[in-house]
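*Asks:* Provided herewith is a single structure, encoded as structure tokens, for subsequent inquiry.
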Amino acid sequence: MTASETHRAIEAVWRIEAARVIAGLAGMVRDVGLAEELAQDALVAALEQWPREGVPGNPGAWLMTVGKRRAVDLIRRRERFERKLAELGRQLDDEEELPGAEEIEDDLLRLVFTACHPVLSTEARVALTLRVLGGLSTDEIARAFLVPEPTMAQRVVRAKRTLAEREVPFEVPQGAELAQRLASVLEVIYLIFNEGYAATAGDDWMRPGLCEDALRLGRVLAGLMPKEPEVHGLVALMEIQASRGAARVGPSGEPVLLLEQNRARWDRLLIGRGLAALGRAGELGGAMGPYALQAAIAACHARALTAEETDWVRIAALYEELARLSRSPVVELNRAVALAMAYGPAVGLGLVDQIAGEPAMNRYHLLPSVRGDLLFKLGRHAEARAEFVRAAGLTRNERERRLLEERAEACT
């Protein structure tokens, strides 16, 4: 194996194993920031040794063992935590192997809840999750979210410092706190997915790499928490939405709206996985949560072979259930679209006008975009044009701005 091939292999191993190695080390040192530093030390050792000696048969175990040795060295240098040092030393001398699979999975779940702890800002949670669980470099995260690398590096550093200063325990919460903290975890994963699915700014309509990272995190979480229906609901939602990826972008990178997409280009494998995850959420019983409801809406689209076959009445009913749960003006806007498709644009426009005064919608470009579309369908072209122009001025995504400007021109 050439040096370049070895380096590519190391990158692939790191992307796959980083979260497990960091989780295992964090389980020992009880500090996410320190665990990441130890794992990085192990990666440096791999970059030095593997090109000479070859990639080991179990690279994840190799990285974990080196990380554990670095932890022992660090504790020894600090000349404290004697009891922990003796415990770790005995473990290395007697076993010379990784903890059992069940212990690694427990540590990984603890790492998920620690990285997404509500004590951190939303931006910090996203950055830290992609760093320690997604295996992305700071530069990769910065490029994905269109911020300077030093800015993203500071977010990650501050997040780790906050966890240490606030003495956030490295554990999975129990009882009532679990539901609250799980909501934070799911929110972070879906925020990452959404930024990849419809980029808020920049020149690209989609950033597929972020969708893939979020899907991988969601699948890992579903494996770690198989009895949580909302985890499966989120995975189902992301799988089905991701299935449209190839059809959402035109030949020149321009956005292609849902009703105009070539559904033959939808990924049937991802749709099948999404429907199966939605089925698992249903089998666990209880009322559907917000992610499962959104997944059920996405499934209505996925099951329709053509746009005309879409069951908009069912979608409108599901949005009504979702609105009762979330009470969000964004959900109401989506419900207005479904009502317009099911019962006519005048019905949808009535609901849009009801939420137009919501403060949260003042800078939300999709509100004038939807309103413009409904006005256009009602033949009120001059008003529609004004709404599309307003929407184009609010979006920060260049591809979307061009699309909205074209729709405004079509109104004249």
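*Asks:* Can you give me the number of residues within region 113-157 that are within 18 Å of Arg216 (Cα to Cα) and assigned to a loop (DSSP other than H, G, I, E, B)?
*Replies:* 6
*Asks:* Can you work out which of the residues in region 182-204 that are over 10 Å from the mean Cα position of the chain (by Cα) and aliphatic (A, V, I, L, M) is nearest to Arg401 (Cα to Cα)?
*Replies:* Ala201
*Asks:* Looking only at region 365-392, which residues are over 26 Å from Val313 (Cα atoms) and either in contact with a His (Cβ under 9 Å, 6 or more places away or on another chain) or assigned to a loop (DSSP other than H, G, I, E, B) (or both)?
*Replies:* The answer is Arg390, Ala391, Ala392.
*Asks:* For region 249-268, how many residues meet the condition of being assigned to a loop (DSSP other than H, G, I, E, B) and at pLDDT below 95?
*Replies:* Residues meeting the conditions: 7.
*Asks:* Hey, can you tell me all the residues within region 172-182 that are modelled with pLDDT under 90 and surrounded by 13 or more Cβ atoms within 10 Å (Cβ to Cβ)?
*Replies:* The answer is Val172, Pro173, Leu178, Arg181.
*Asks:* Search region 158-181 for residues being touching a residue at least 60 places away in the same chain (Cβ under 8 Å) and in a helix (DSSP H, G or I), and hand back the single one that is nearest to the chain's Cα centre (by Cα).
*Replies:* Arg181
*Asks:* Another one. Using the structure shown, decide if Met225 is without any contact (Cβ under 8 Å) to a residue 60 or more places away in the chain, in contact with a helix residue (DSSP H, G or I) (Cβ under 7 Å, 6 or more places away or on another chain) and not acidic (Asp, Glu).
*Replies:* Against the criterion (without any contact (Cβ under 8 Å) to a residue 60 or more places away in the chain, in contact with a helix residue (DSSP H, G or I) (Cβ under 7 Å, 6 or more places away or on another chain) and not acidic (Asp, Glu)), Met225 does not qualify.
*Asks:* Looking at region 1-43, which of the residues that are over 16 Å from Val55 (Cα atoms) and among the β-branched types (Val, Ile, Thr) is surrounded by the fewest Cβ atoms within 10 Å (Cβ to Cβ)?
*Replies:* Val29
*Asks:* If you don't mind, another one. Can you tell me which residue in region 258-313 is farthest from Ala340 (Cα to Cα), limited to those that are among the aliphatic types (A, V, I, L, M) and in contact (Cβ under 8 Å) with a residue 60 or more places away in the chain?
*Replies:* Ala292
*Asks:* Tell me, yes or no, whether region 391-401 has at least one residue that is hydrophobic (A, V, I, L, M, F, W, C), free of Cβ contacts under 8 Å to residues at least 40 places away in the same chain and farther than 24 Å from Asp203 by Cα.
*Replies:* no
*Asks:* Is it true that some residue in region 270-286 is crowded, with 20+ Cβ neighbours inside 10 Å and under 16 Å from the mean Cα position of the chain (by Cα)?
*Replies:* yes
The values are calculated or read from the model by the stated rules, or taken from the named source; none is laboratory data. Computed from a predicted structure; not experimentally measured. Positions of Cβ are backbone-derived with ideal geometry, glycine not excepted, and every protein chain shown enters the neighbour counts.
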